[in-house]
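The next block holds one structure in the form of structure tokens; read it before the comments.
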Amino acid sequence: MAVITGMGICCGAGSRLESVWKSLLDHQVCCTQPQENFFPPHQSSPLFTVQEDNPLAVINSLWRTQLQQQPLRDINRTTALALLAATQALEQSQIGASEIRRKRLGIVVGTTVGCTFHNEDYYLAWKTGQDQDVGRVLAYIDSNIAARLHAILGTSGPRAVVTSACTSATDAIGLAHLWLENDLCDVALAGGCDEISRFACHGFSSLKLLSPAPCRPFDRDRQGLNIGEGAGILVMESTGHAAARGGRVLGKVLGYGCASDAYHPTAPHPQGLGLQRAVVQALAAAGISLDDIAYINAHGTGTRTNDLAELTALQHLGLTADNPAIIQSSKGLTGHTLGAAGGIEAVITLQSLHSQYAPGTTGCTHPDPDLPLPVLTENDGCTLHGCRALNLSLAFGGGNSALVLEASA
């Protein structure tokens, strides 16, 4: 079984767990218009960006005290966001620099674009016959985030980058769970990261999925989603390894499941058939039933198609209006962070379990009457009674993934 000993997060709601949690409790939305060169005026849609102007400065401050490293330079923003969250997670786990370098460290990171689409200038120069900056090519080749993190940390062990669209981070955590169960590593850094990509934003805009205002998951007046950026990283260990070093266990990954709808390139199956299968797998791996789940952090993007399919899937699995789990989405504070979403939401889910409190779905004040199950609205934060939760992720291409997480006392 994989235990969690550290958590790190940065997103539009804050650059550390403390600030993110405060934003969730206070429903402080920071969703800003992109720069003029990002979208044409008629396509403008607000974004959730990490407000830290210089992530490297924050990393280097932690870096010098924790890992005794020289200041870092010349890393792309996606890697910087991943490193910011990873550094926080390592700090909380109290695994020191010399110790981590003696371990078999698995690094598995989920991302969608991973900064590799930031090459429009190179392409336009090539297309018009201008001289191209070879640095763009070198940056593209050197964009494997897991490999970069190993190089920066001075560690060795298995590595993987998962690109399964918006289930990427959830799948990365599931893969790390399997690595630890099969003794492929002692410790794992797992989660997801993505920076704002103009390419991705234009893609969602072409599908007419972007909201002109901050998103409102599950609300009757929702208009779509907002793109966000950030990272959520967990330090995971085998139970025996954590016990041997005296590490404080924050929680456990009890189960993981994934399944495809094979229904549509961008839309989920209306009954969420793939999600149903993923949840059944995760619960079976955990050895529990849906009745044992106190809290569900839904994918909840704020599009009608996603919201209805997700709650319909949970209804088919046995939840009813009279006997529901507490369901909410955190994307009203983070936006849809694409490949980072599952990692960011896993951190938020564990924090909610530890706090025994669900803050409510920011932006949802009048739930859509067509929803088959009740959801927690912005004004209805409530106490949680239980230590287990489901973390759900859905993706383009029909991907569906689920994690069963448990908070330790």
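The values are calculated or read from the model by the stated rules, or taken from the named source; none is laboratory data. Not measured: the values here are computed from a predicted model. As a convention, Cβ positions derive from the backbone with ideal geometry for all residues, glycine included, and neighbour counts pool all protein chains shown.
Observations on the model:
- Close Cβ contacts (under 6 Å, 6 or more residues apart or on different chains) running from residues in the stretch 74-90 that are assigned by TED's automatic domain parsing to the domain that holds I196 to residues that are part of a helix (DSSP H, G or I) and modelled with pLDDT of 90 or more comprise T79/I145; A82/I145.
- Between A259, A285, A267, the distinction of being surrounded by fewer than 24 Cβ atoms within 10 Å (Cβ to Cβ), in a helix (DSSP H, G or I) and either small (G, A, S) or within 18 Å of the chain's Cα centre (by Cα) (or both) belongs to A285 only.
- Residue match in the stretch 376-388 (condition: within 12 Å of H299 (Cα to Cα), in contact (Cβ under 8 Å) with a residue 12 or more places away in the chain and not assigned by TED's automatic domain parsing to the domain that holds K22): no
- Any hit, the stretch 268-289, residues being under 24 Å from T49 (Cβ atoms) and of a type outside the set (K, R): no
- Neighbours by Cβ (under 8 Å, 6+ apart or cross-chain): first from the stretch 234-253, of a type in the set (D, E) and crowded, with 19+ Cβ neighbours inside 10 Å; second assigned to a strand (DSSP E or B) and modelled with pLDDT under 95: E237/A2
- Yes/no for L234 being closer than 19 Å to A389 by Cβ and not basic (K, R): yes
- Any hit, the stretch 181-194, residues being in the same structural domain as Q88 (by TED's automatic domain parsing), assigned to a helix (DSSP H, G or I) and not basic (K, R): yes
- Selection count, the stretch 249-306, where residues are in contact with an Asp or Glu (Cβ under 8 Å, 6 or more places away or on another chain), over 24 Å from L376 (Cα atoms) and charged (D, E, K, R): 1
- Of all residues in the stretch 1-56, those satisfying the criterion of being assigned to a helix (DSSP H, G or I), at pLDDT 95 or above and surrounded by 18 or more Cβ atoms within 10 Å (Cβ to Cβ) are L17, V20, W21, S23, L24.
- Helices (runs of 4 or more DSSP H) lying entirely in the stretch 63-132 (those with 2 or more residues that are within 21 Å of R16 (Cβ to Cβ), among the aromatic types (F, W, Y) and at pLDDT 80 or above): none
- Pairs with Cβ under 6 Å, 6+ apart, first in the stretch 201-225 and assigned by TED's automatic domain parsing to the domain that holds K331, second in a loop (DSSP other than H, G, I, E, B) and of a type in the set (S, T, Y): none
- There is at least one residue in the stretch 331-343 that is on the phi > 0 side of the Ramachandran plot, modelled with pLDDT of 95 or more and not assigned by TED's automatic domain parsing to the domain that holds A190.
- Here the stretch 200-223 is the region considered, the condition is being of a type in the set (A, V, I, L, M, F, W, C) and assigned to a loop (DSSP other than H, G, I, E, B), and the residue that is surrounded by the most Cβ atoms within 10 Å (Cβ to Cβ) is C215.
- Single residue of G228, G287, G246 found to be within 21 Å of S330 (Cβ to Cβ) and of a type outside the set (S, T, Y): G228
- Residue in the stretch 370-383 that is touching a His at 6+ places or on another chain (Cβ under 9 Å) and either at positive phi or among the aromatic types (F, W, Y) (or both) present: no
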